[in-house]
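One structure below.
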Amino acid sequence: MSNGEKIIAEIRHECDEKISAINAETENACNSIIESAKKKASEITKNAQYKLEEQSSKLLKAHQSKCELEKRNMLLKTRRQEIDNAVEHILDHMVNLPDKVYFELLYNLAKTSDIKDGTAYLNAKDLKRVPKNFRERLAESGMNVTVSDTPDESIESGFILKNGDIEENLSFSSVIAEKREEIEDLISKELFKE
């Protein structure tokens, strides 16, 4: 081998070593970049998974809360309907009591009246079935009233007492409306015992 060939071989050998070193360095750099990318990808995946779980949890809680609210509203609506039905049933029952019991209820209502003198107004149905001793029984309640012969069709049951400009509505629906809260409490306790 000539000197020129030796120099070329040596240059070639140095180039091969440098290329090997560059390749090794590049491979190390690539491996380092790949490892770093894997770590970042893993972190991103973990963060994404955490955020997904967090959002899923929030969404689930929101839906559960909404379902509970809807359930509660439905329960309250059902209770309200049942109470309204019970109040209607009570009023209907009171209106359709046998005559003797019906008028006993009117005498008891008269005892609660603030008006002690005046005129009592009844509807046409009640005027037809009013007992002969109605005025006397009202007097026993401490009332000095006359019974109007003219029916008042604005009254579905019970009666209205008038003394001049003062009027007291003792119709069953008015009495129930006045005592509605107490009645609802009693009905609620009976219907929805827990």
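Bear in mind these aren't lab numbers, they're just calculated from the coordinates by the rules spelled out. These numbers were taken from a predicted model, which means no experiment stands behind them. Cβ: placed from backbone, ideal geometry, glycine included. Neighbour counts: every protein chain shown.
Here are the numbers:
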item	result
Helices (runs of 4 or more DSSP H) completely within region 35-145 that count 3 or more residues being surrounded by 11 or more Cβ atoms within 10 Å (Cβ to Cβ) and under 45 Å from the mean Cα position of the chain (by Cα)	99-111, 124-129
Subset of region 153-176 [of a type in the set (Gly, Ala, Ser) and exposed (fewer than 13 other Cβ atoms within 10 Å of the Cβ)]	154, 164
Yes/no for residue 150 being in a loop (DSSP other than H, G, I, E, B), among the polar types (S, T, N, Q) and either out of contact with any Lys or Arg (no Cβ under 7 Å at 6 or more places or on another chain) or surrounded by 15 or more Cβ atoms within 10 Å (Cβ to Cβ) (or both)	yes
Top-ranked residue of region 138-172 - restricted to ones that are in contact with a Ser or Thr (Cβ under 7 Å, 6 or more places away or on another chain) and not hydrophobic (A, V, I, L, M, F, W, C), ranked as farthest from residue 127 (Cα to Cα)	168
Total residues in region 74-101, condition of a type in the set (Lys, Arg) and closer than 13 Å to residue 184 by Cα	2
